[in-house]
Amino acid sequence: MTTHDIIRGFSKLTEEEKRNFIASLCNDPVQAEDRLERFLMEDENERSQFLELSENTISSFHTPYGIAPNVVVNGKVYHVPLAIEESSVVAAASHSARFWAERGGFTVTLVTTVKLGHVYFRWFGDPTYIRDRWHQLKLFLLERLKKLTSNMERRGGGILSLELQDETAVIDHLYKLELKVETINSMGANFVNTCLEDMAEALDLFFTNENDPQEKKLQVAMAILSNYIPECTVTVEASCEIEHFKLIAGRLPVEIFADKMRLAYQIAHHDPYRAVTHNKGIMNGVDAVLMATGNDYRAAEAAAHAYASRDGQYRGLSTCTVNNNVLTLGLTIPLALGTVGGITNLHPLARLSLEILGNPTAKELMGIVASVGLASNFAAIRSLITTGIQKGHMRLHLSNILNMLNVDNGQREEAESYFINRKVSFNAVKHFLHEKSH
């Protein structure tokens, strides 16, 4: 069998049979199967639980799990777990966090936690009819939802609002119900979708029971939460007098450093080509914390980039101002996070990450995540306006190359010394090591 052959019933195979089949596609099947086995947990209970987290699981893909220490948020010190393979992100976030920790840290200035979901449907009857019946329909839907929302309400959450929105100007006959929900410490995706699907069923039921000519003039299209959450955001800030930048401004006078810093953020606001990379620097830190805590980083990425385009142009998510010799950084970012339920309860390291953070509420975690994102962003901009981004990257790139070449400590020290001010490439490092050994 080749990689182009179709296999049927793969999901019905045992774990071992799946692994054996996939290993057979590799150059050395025995070595491949051994490698897949070695990356699984040894504890049988944890291994079984882990394998059930996803479908067709045959192994686990390890990502380095590190710590960015000294992230101060609202006066509290956090040592934040990061799951990411890019070592420069951890190093930069850690250095930046330490700098700001000694100057008051990050302050959360605003948190909103409203999640959204929609039921889309087409109405082929008289448009005035559905508007006239809306009040009655709304009461009917909310009453139906009570059986689903009682537990969430006891925890302080529940339905915030339900509105009918006319979308017929965009698509013929299209309407949507918009549900706003507070889910407290749960990310809430399952809760919101359950409510929406119940509403879709109830919507169809409401009109099917109507004994009038309007029956069957409704067609439900779909019911789904939205990952665009402009009312579920966190805003963090950090500020200090520009004199403090003497330690990290390199050869630049602090006034020039502050001016270039502000300019970099202005460019990211106006130029989408720069804004995308600017925001990637923010999400480097954000995603790493979300991965470590078992939160949905894909949803966060989608929400952040949609939010960056909310006025019709893609812009940088963070800001920088300088007033009266005080530089202030700010970041507002949408984050729908959970500290209970889902993978946060099932993945051993996700649970441990939350313990390390002191078992924060969802709002507290939003502040921590945004602060790490802003710290990563600041570190990247600082590099860009001083030494350039490649200096730190190349140092870490050299380390990766030396690891690949399996050098000893003596060779490593010689290479690190030699390449301090030289271009790093795999061939250059290999040539240097070859010359040194002859």
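Since every read-out is calculated from the coordinates, none of them should be taken as a lab result. Note that this is a predicted model, so its numbers are computed, not measured. In this analysis, Cβ positions are derived from the backbone assuming ideal geometry, glycine residues included, and neighbour counts consider all displayed protein chains.
Taking other Cβ atoms within 10 Å as a rough exposure proxy, Met404, Met366 sort from fewest to most as Met404, Met366.
Rounded to the nearest 0.05, the FRET efficiency derived from the C-beta distance between Glu153 and Glu201 at R0 = 30 Å is 0.90. Each peptide in 232-243, 47-58, 257-268 receives the mean, over its residues, of other Cβ atoms within 10 Å, and ordering these scores from highest gives 232-243, 257-268, 47-58. By definition, a body whose alpha carbon gyration tensor gives a ≥ b ≥ c is rounded when a/c is under 1.5, and the range 392-436 falls into this rounded group. What FRET efficiency, computed as 1/(1 + (r/R0)^6) with R0 = 41 Å and r the Cβ-Cβ distance, is obtained for Asn324 and Arg412, rounded to the nearest 0.05? Once rounded, the FRET efficiency stands at 0.30. Of all DSSP bridge pairs formed entirely within the chain, close to 95 percent run antiparallel. Net length available on complete extension from Phe21 to Lys260 is 80.4 nm, with 0.36 nm assigned per residue and the Cα-Cα distance removed.
Indicate the gyration tensor shape class of the chain (rounded, prolate or oblate), computed on the Cα atoms with a ≥ b ≥ c the square roots of the eigenvalues: a/c under 1.5 is rounded; otherwise a/b larger than b/c is prolate and the rest oblate. Working shown, then result.
Details: a/c = 2.24, a/b = 1.40, b/c = 1.60.
Oblate, since a/c reaches 1.5 and b/c is not below a/b.
The ranking of His270, His347, His278, His79 by Cβ neighbour count inside 10 Å, starting from the fewest, reads His270, His79, His347, His278.
About the Cα centre of the chain, how large is the charge dipole given +1 on each Lys and Arg Cβ and -1 on each Asp and Glu Cβ? Please answer in debye to the nearest 20.
Working: 43 positive and 52 negative charges, 263 e Å.
So the magnitude is around 1260 debye.
Length available on full extension from Asp126 to Val114: 0.36 nm per residue minus the Cα-Cα distance, which gives 1.0 nm.
Pairs from the table (Lys76/Lys147; Lys12/Lys146; Lys260/Lys280) lying more than 28 angstrom apart at Cα are Lys76/Lys147; Lys12/Lys146.
Exposure proxy check: Trp100, Trp134 ranked by fewest other beta carbons within 10 Å?
Trp134, Trp100
Modelled spin-label separation between Gln136 and Leu160, with each label point placed 7 Å from Cα along the Cα-to-Cβ direction: 3.1 nm.
When the helices of the chain are scored as -39500 (n - 2.57) per DSSP H run of n ≥ 4 and the total is divided over every residue, the value at 222 nm lands at -15500 deg cm²/dmol. Length gained on full extension, Glu42 to Asp172: 41.1 nm, using 0.36 nm per residue less the C-alpha separation.
What does the charge count around Arg19 come to, taking other residues whose C-beta lies under 11 Å from its C-beta (Lys +1, Arg +1, Asp -1, Glu -1)? Value of the local net charge: -4. Label separation (Ser11 vs Leu247): 5.5 nm, computed from points 7 Å beyond Cα along the C-beta direction. Working from Cα pairs under 8 Å separated by at least six residues, relative contact order for the chain is 18 percent. When peptides 163-169, 332-338 are ranked by their average number of other Cβ atoms within 10 Å per residue, the highest-first order is 332-338, 163-169. Helix 29-38 axis versus longest C-alpha principal axis of the chain: approximately 80°, rounded to the nearest ten.
Tell me whether the range 323-438 comes out rounded, prolate or oblate; compute the Cα gyration tensor, take square roots of the eigenvalues as a ≥ b ≥ c, and use a/c under 1.5 as the rounded threshold.
oblate
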